Ligand code: SAH
Ligand code: F3S
């Protein structure tokens, strides 16, 4: 994969190795925690919940493992490489523990859930293993490890949504924030480990979602991303597993809130906040959602719509519940209702039995849609998944990589095609931070989620600015700020 491609920086699944710094005054010097997060946006959002739980126990977060007496690593299992990276980090933490044996190490998140007590056996350095639904038990688990015993809680929950915990915004730009609305996934794509590591799908009470956004609004935040593995299947009917909706009392069914209802409520309640959501699954995305997006100017015109493969044969084996034509129909409808909608993808190359014809269908689907950007991976067999149990990982590694490179090259062309179209146009940009390349430039994003950089002048972080686009790369628009925008 071409790591220098800036579009990869937007990859929610590649935000690797970022650490979490808490600024809280009430702490004690025995309670210094270092948290490192890997994987998807949900993990980063979870780390903010973990930080909140630890803060209530008097912990202060430090920005280096060398200064901590508790090291927590929030892990990802999505591909084998993600797990290998984390094992290497554990080796590094081991060298720190050799210098100070009092340091405790906890593994949290998907790897904890997948490997359970095996992690305690395989990685001698690990003292504590905590799955994604057990973070509220961390204070008890800490008591155990401080007595010198290993501690583990990997029980998946039917109702835990952490809706009552106020996340501590960490590593924050003070402008954009993640707000989780569902946990878990019921889709069982045959390649995916998430349903095993994050459990069944549960939706969070809309009241607690609105409270969280209200707090963010009061604190000056300008954009939120509603987060879930599969946001379009959000369904609030009083709590519990989604599958129990069938047997829920009639009144609960009548008053149930689905994703398009939630989106509308948030859009109307917070007209000055920009709203994004991620991730959409093609099989669950409804026209209602697209119409709600079109109706409310503060809902961004941007949809992340993974399609994984352009071949019906492969989609079927992947247990994706949509065909190539259904996906393309959805794209046509999106473009009809929201002509300037940014659309992005996830693709997997080299799934079992994928041949050249299947691969060509993926390329031709890309040609049809010309996605704005995408996150592309070669297939990695995950233990316990249907694909691992029933299918042979039979596409040779070099072919997987070759196909992946072709897919990436095509995406770069299409991204450039999309960004070039903005030259000469004026777009509304929310300023998020200083540009990485130059401190004299701001960096922000359009409604379509394209990064824009422009000279700072007197503009300020958190403002919506009309920017005239003068140049571009495949991943970034370059322009000049004209004035504070009337739109959002
Ligand atoms: N819930 C989201 C994202 C799930 S994981 C969705 O509906 O798509 C993010 C992406 O990782 C997936 O879209 C898929 O493209 C990729 N992925 C998941 N499992 C994988 C595997 N075993 N090998 C390679 N890529 C994988
Ligand atoms: Fe994974 Fe498919 Fe759910 S990719 S997270 S099982 S929608």
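Values in this text are rule-based calculations from the coordinates and carry no lab data. Source: prediction; values computed, not measured. Don't worry about glycine lacking a Cβ; one is built from the backbone with ideal geometry, like all the others, and counts go over all protein chains shown.
Counting beta carbons within 10 Å around each of 485, 56 and listing the fewest first gives the order 56, 485. The slack in the chain from residue 84 to residue 370, taken as 0.36 nm per residue of separation less the alpha-carbon distance, amounts to 99.6 nm.
In this calculation the C-beta distance from residue 401 to residue 243 is compared with R0 = 25 Å, giving a FRET efficiency of 0.05. The Cα center of the stretch 95-170 and the Cα center of the stretch 212-240 differ in position by 26 Å. For a test of the definition: using alpha carbon positions, the gyration tensor, and the 1.5 limit on a/c, classify the stretch 366-488 as rounded, prolate or oblate. Taking the square roots of the gyration eigenvalues as a ≥ b ≥ c, the stretch 366-488 is prolate. Take the Cβ atoms of residue 423 and residue 147, set R0 to 60 Å, and the FRET efficiency comes out at 0.40. Rounded to the nearest 500, the helix-only mean residue ellipticity at 222 nm of the chain stands at -10000 deg cm²/dmol, with each DSSP H run of n ≥ 4 adding -39,500 (n - 2.57). Answer rounded, prolate or oblate for the stretch 426-484, using the Cα gyration tensor with square roots of eigenvalues a ≥ b ≥ c: rounded when a/c is under 1.5, else prolate when a/b is larger than b/c, else oblate. The shape class here is rounded.
Taken along the Cα-to-beta-carbon direction at a fixed 7 Å, the label points for residue 460 and residue 118 span 5.3 nm. Sorting 289, 467 from the fewest to the most surrounding beta carbons within 10 angstrom yields 289, 467. Annotation: extensible slack from residue 172 through residue 64 equals 37.1 nm (criterion: 0.36 nm per residue apart, minus Cα-Cα distance).
The label-point distance for residue 219 and residue 188, in a model that sets each label 7 Å from Cα toward Cβ, rounds to 3.9 nm.
Placing dummy labels 7 Å off each Cα toward the beta-carbon, the span from residue 294 to residue 416 is 3.3 nm.
The stretch 341-356 to the stretch 455-488: how many Å between their Cα centroids? The two parts, judged by their Cα centres, are 33 Å apart. Treating r as the C-beta distance of residue 439 and residue 252 and R0 as 60 Å, the FRET efficiency rounds to 0.65. When the square roots of the Cα gyration tensor eigenvalues are ordered a ≥ b ≥ c, the ratio a/c for the chain is under 1.5, which makes its shape rounded.
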